[in-house]
1. If you scan region 171-204, which residues turn out to be away from ligand 1 (no atom under 15 Å from the Cβ) and under 14 Å from the mean Cα position of the chain (by Cα)?
2. Got a number for residues in region 365-386 being in a loop (DSSP other than H, G, I, E, B) and either more than 16 Å from ligand 1 (Cβ to nearest atom) or at pLDDT 95 or above (or both)?
3. Take Gly60 and tell me if it is among the small types (Gly, Ala, Ser) and closer than 18 Å to Gly385 by Cβ.
4. Residues being closer than 10 Å to Leu487 by Cβ and crowded, with 21+ Cβ neighbours inside 10 Å: count how many of those fall in region 416-449.
5. Which condition does Thr135 not pass, out of (1) in contact with a Gly (Cβ under 9 Å, 6 or more places away or on another chain); (2) under 18 Å from Asn93 (Cβ atoms); (3) among the hydroxyl-bearing types (Ser, Thr, Tyr), if it passes all the others?
6. Scan (1) assigned to a loop (DSSP other than H, G, I, E, B); (2) modelled with pLDDT under 95; (3) in contact with a Phe, Trp or Tyr (Cβ under 7 Å, 6 or more places away or on another chain) for the single condition Ala389 breaks and write down its number.
7. Within the set of pairs 6 or more residues apart or between chains, which connect a residue that is within 19 Å of Thr245 (Cα to Cα) inside region 276-287 to a residue that is of a type in the set (Asp, Glu) with Cβ atoms less than 9 Å apart?
8. Consider Thr125 carefully, then state whether it is at pLDDT 95 or above, surrounded by fewer than 19 Cβ atoms within 10 Å (Cβ to Cβ) and in contact with a strand residue (DSSP E or B) (Cβ under 8 Å, 6 or more places away or on another chain).
Amino acid sequence: MARDLTTGDLLRQVWGFDGFRPGQEEVVDAVAQGRDVLAIMPTGGGKSLCFQLPALMRDGVTVVISPLIALMRDQVRALREAGVEAGALTSGNTEAETEAVFAAIADGRMKVLYMAPERLASGGTVTLLRRAGVTAIAVDEAHCVSQWGHDFRPDYLRIGDLKRTLGVPLAAFTATADVETRAEIVTRLFDGQPPVTFLRGFDRPNIRLAFQPKNSPRTQVLTYAAARRGQSGIVYCGARARTETLAQALREAGHPAIAYHAGLEAEARREAEARFQTEDGLIVVATVAFGMGIDKPDIRWVLHADLPKSIEGYYQEIGRAGRDGDPADTLTLYGPDDIRLRRTQIDEGLGDVARKAGDHARLNALLGLAEATGCRRRRLLAYFGEEMAEDCGNCDLCQTPPKLFDGTLAVRKALSAMVRTGEWFGAGHLIDILTGTTTDKVRERGHDQLPTFGVGREHGRGQWQAIFRQMMGLDLCRPDPERHGALHLTETAHPILRGEEPVTLREDTTKGAKPANVLRT
Ligand code: ADP
Ligand code: ZN
């Protein structure tokens, strides 16, 4: 009987694996002990095993809620091949498949039952599950319960009820590590009772990290792809129209490339996914709609032609590269237009003020990564709660350390301009004040009379733009969603303003600011 075997025995005998992946064993143990568990594991970290293996160690059925029919089918097939009784109830089932599932439940053979969240909407399902002898619930892609995430699935909100009704332990899995989403998962899936939480294994050392200011994106994309001819890659864009034009440009340069976005017909999307999965060296130029459920191990590179929405989005999207563990390369382009677009999207999006403020902070975290002064991986992992003993050596900043300068004075001047004007203005106007530029707005508000007027003439506008960007990257200030992007100080800024802490800034992004980028931050 499986219950007499250790987790290690099962791992070898049923899955044929030699050992656990980092972090896997602790999660398996906690789930096997019947505790409520929230595991935040990176994509490809091997989370399915964390609920499948414990399912073999207990009596009864483990029901798995998963949002993707294709993935459910793959997992059911793999389990059955390994000799585990598994099935799925999805809208894609044939009648015979569904009957086989019911039969296996009825005679007590079923061990792992997959189900789309939509199934929970029917009262019959809950009755069925109660009769089936469900002894545990596993939730895949648990962040789908978050109303604010882009993967929100309303039926995920029913899972909390299901747990309550069945009175069984629940294990939730996600690759989304952001603190707010985590809190929402705890509220909605666990009734606010904190589960045992695991967060680990976020490092993907084979993925090289790099950022570049966006000067001429089309040329930058073509140059990057030309250096990687014949390799599978993904170009992520912020807008649908751009996927089409960039795919076209890549084709004209002789690359096999296709566009992919949510506006395509379902058929065209499936076709694109299938081509990407099977064809060697294909480039997909896509919006973020492309990715969930893509399981191609040999994606060699990911290029962000536009700044992602958040540091979580960035991490998930680059994480699609190099799943086979071989070296993979990533590059993210960012420019003032991207930042402005993302800010506007936040301000004009749904959600209350607290939510928007949080989104601005998350975007700041990504800017901080873009204009980091040292090892990017250290910074990225720190955001996810992991510490690195040494710099990674596999990011652009480790390989070419940037020139730094003492930005304390400049930052103090900028912060004091913010304070003197009541935190009511955006970067543009503050820069007018700092550089002593007498615009109508400056004159009308009497800001040419401020002591800070003209105190920053030693830097040009472009340099000031870059300083403000870096200040946001350090989360010293944030745009206020209620005040049309007016900047306000955060707690972090106070010791600097008081002269108690120094600030180090990057010189290259400051000195290198191109005139074309300058006017538009
Ligand atoms: P995800 O966390 O993205 O759901 P999966 O559960 O699909 O990841 O696992 C990713 C891949 O890693 C799968 O091919 C799986 O078979 C493999 N895998 C999982 N655990 C181990 C292990 N302990 N040893 C070797 N391979 C593993
Ligand atoms: Zn590094």
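1. If the condition is that a residue be away from ligand 1 (no atom under 15 Å from the Cβ) and under 14 Å from the mean Cα position of the chain (by Cα), then Asp178, Val179, Glu180, Thr181, Arg182 are the ones that fit.
2. 7
3. No: the conditions fail for Gly60.
4. Looking only at that region, the number is 5.
5. With (1) in contact with a Gly (Cβ under 9 Å, 6 or more places away or on another chain); (2) under 18 Å from Asn93 (Cβ atoms); (3) among the hydroxyl-bearing types (Ser, Thr, Tyr) applied to Thr135, the lone miss is (2).
6. Evaluating Ala389 over (1) assigned to a loop (DSSP other than H, G, I, E, B); (2) modelled with pLDDT under 95; (3) in contact with a Phe, Trp or Tyr (Cβ under 7 Å, 6 or more places away or on another chain) leaves (3) as the failure.
7. Listed pairs, sorted by first residue: Val284/Glu273; Val285/Glu244.
8. In short, no.
The values are calculated or read from the model by the stated rules, or taken from the named source; none is laboratory data. Quantities reported herein were computed from a predicted structural model and do not represent experimental measurements. Virtual Cβ from ideal backbone geometry, glycine too; neighbours counted across all protein chains shown.
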